[in-house]
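The values are calculated or read from the model by the stated rules, or taken from the named source; none is laboratory data. Being a predicted model, the structure only gives us computed values, none of them experimental. Quick reminder, even Gly has a Cβ in these numbers, built from the backbone with ideal geometry, and neighbours come from all protein chains shown. When the accessible area is computed, the model is the full protein with side chains, heavy atoms only, and any ligands, DNA or RNA have been set aside. Shrake-Rupley method; radii C 1.70, N 1.55, O 1.52, S 1.80 Å.
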Amino acid sequence: MENFRKVRTSEQEMPLPFPDLPPDVVEMKVKEGSKIRNLMNFAMAQMELKGRRQIVFSGCGRAVTKTITCVEIMKRKLGGLHQVTKVRYKTVLEVWENQDPPPDGPTQNLTVHKNVPSICILLSRDPLDPNQAGYQPPEQRREAGEDTSGSSTKGLKRLLPPPCEELLPKKLQVQVSDSPRGSGTTAGQLDH
């Protein structure tokens with residue numbers, strides 16, 4: 001492969017995996033080189049200024065993590081969004097061209113078909129079917145005056161049992177030398 005260089009990459013177009021979407025739904029196609037700030041500015045404008053009820057984020061390969069990040073940012077900024085996540089594989093075609101073609105022959109191209117993971121996430125202000133695979137309900141917002149220390153009903157902290165006597169700090173007898181060679185010893189106590 002060291003004599004080949006990639007000249008073209010194309011993704012297989014696939015329909016969105018969500019039935020009953022409005023025809024004008026906005027699909028945010030996240031790429032590996034996309035800037036999150038640019039994606040979020042456009043997506044927030046669509047949801048807040050244009051009053052869209054649903055938006056879809058999609059990405060494949062190395063863009064999957066960035067896609068999830070965009071969705072989490074939007075959920076925190078807007079709140080109350082229902083979510084459905086679909087994971088699938090998308091076929092990507094890469095065309096590689098030989099840099100050292102034979103002197104008497106045509107340029108050789110190599111076509112590689114890759115199946116890469118892909119994610120599509122639907123965010124909706126309107127309730128979605130909670131029985132469909134990949135559904136997540138909106139996060140509950142805390143009301144003013146509630147404890148915001150980070151504990152929630154989902155992850156209650158367990159109380160620790162009282163400390164056992166063998167776990168309590170003990171005094172250690174340590175021998176300390178006065179000279180670098182360790183000839184003299186002095187007994188001392190240290191707490192750990």
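Yes or no: CYS120 open to solvent by less than 60 Å² (accessible area, probe 1.4 Å), touching a helix residue (DSSP H, G or I) at 6+ places or on another chain (Cβ under 6 Å) and of a type outside the set (Phe, Trp, Tyr)? No. For LYS29, state whether it is out of contact with any His (no Cβ under 7 Å at 6 or more places or on another chain), under 24 Å from LEU128 (Cα atoms) and charged (D, E, K, R). It is true that LYS29 is out of contact with any His (no Cβ under 7 Å at 6 or more places or on another chain), under 24 Å from LEU128 (Cα atoms) and charged (D, E, K, R).
Of all the residues in segment 85-132, those that are hydroxyl-bearing (Ser, Thr, Tyr) and over 28 Å from PRO19 (Cβ atoms) number 2. Of the strands (runs of 3 or more DSSP E) that lie entirely inside segment 2-100, those containing 2 or more residues that are open to solvent by less than 70 Å² (accessible area, probe 1.4 Å) and within 11 Å of CYS120 (Cβ to Cβ) span 26-30, 54-60, 82-98.
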